[in-house]
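A.B. asks: First the structure, which I've put down as structure tokens, then a few questions once you've had a look.
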Amino acid sequence: MRSSTSPRIPLLLLLASLAWYAPLAAQQQAGDREVQLSGSVLASAGEEGGSQALAIVQAKVGYFVTDRVQLGAFPTLSYTRVTVETAGGELRASDTRLGFGAFGTYSFLAEDAMTVPYVGGQIYKIDLTDSEAQTWVGANAGLKYYFNRNMAFDAGGNALLGTGDAGGILVLFQFGLSYLFER
């Protein structure tokens, strides 16, 4: 009889070992820097059979001005795929864009906390190569869960308003990992 190991067991063991060796407090301080890699996925389907998918990858770099206030910037790479059903079949188009944004956050940091909720604002231009591309401005909020003093899982959301003629609202949920570099 063969036995197989679930792929979740090694992941759970890794997370448990990180928690075991981690210090009891994850406290960012003024002067610390943070690097985060995160992603967002958005998919929609129309009533007439068309669909759209958008994937965004961000590489955020932030600096803690105070223990609670962080300022930073992020380049993004986005991939869009649109499918439209026609009488003759399907038409598909895809596009890749390089964007850039800036952000500021306020952390609700408690002493000896392993979870740190935050709120903030950001400005985001989805395509740097198109001078007429929409710019988005809005608010974000999220929660960081620190595995150890320097590494955290970040889950957050953004509600952004379009500033161009097209206007609109963009809601993105992002998930990622961040690494804190102590001063």
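Nothing in this text is a laboratory measurement; each read-out follows from the coordinates by a stated rule. Since the model is a prediction, treat every value here as computed from it, not as a measurement. Neighbour counts are summed over all protein chains in view; Cβ atoms, including those assigned to glycine, are modelled from backbone coordinates with ideal geometry.
A.B. asks: About the Cα centre of region 8-181, how large is the charge dipole given +1 on each Lys and Arg Cβ and -1 on each Asp and Glu Cβ? Please answer in debye to the nearest 20.
C.D. replies: Here the size comes out at about 560 debye.
A.B. asks: Measuring from centroid to centroid over Cα atoms, what is the spacing of region 38-104 and region 113-183 in Å?
C.D. replies: 12
A.B. asks: Starting from the Cα-Cα distance between residue 42 and residue 131, subtract it from 0.36 nm times their residue separation and give me the gain in nm to one decimal.
C.D. replies: Difference between extended and current length: 29.6 nm.
A.B. asks: Simple spin-label model, 7 Å along Cα-to-Cβ: residue 65 to residue 173 in nm?
C.D. replies: Those two pseudo-labels are separated by 3.1 nm.
A.B. asks: Here's another thing I want to ask about it. Count the net charge of all other residues whose Cβ sits under 15 Å from the Cβ of residue 148, scoring Lys and Arg as +1 and Asp and Glu as -1.
C.D. replies: So the environment of residue 148 carries a net charge of -3.
A.B. asks: Nearest 0.05, what FRET efficiency do residue 111 and residue 52 give at R0 = 41 Å with Cβ-Cβ as r?
C.D. replies: 0.35
A.B. asks: Something else now. Taking 22 Å as R0, compute the FRET efficiency from the Cβ-Cβ separation of residue 84 and residue 166 and round it to 0.05.
C.D. replies: Working from the Cβ atoms, E equals 0.70.
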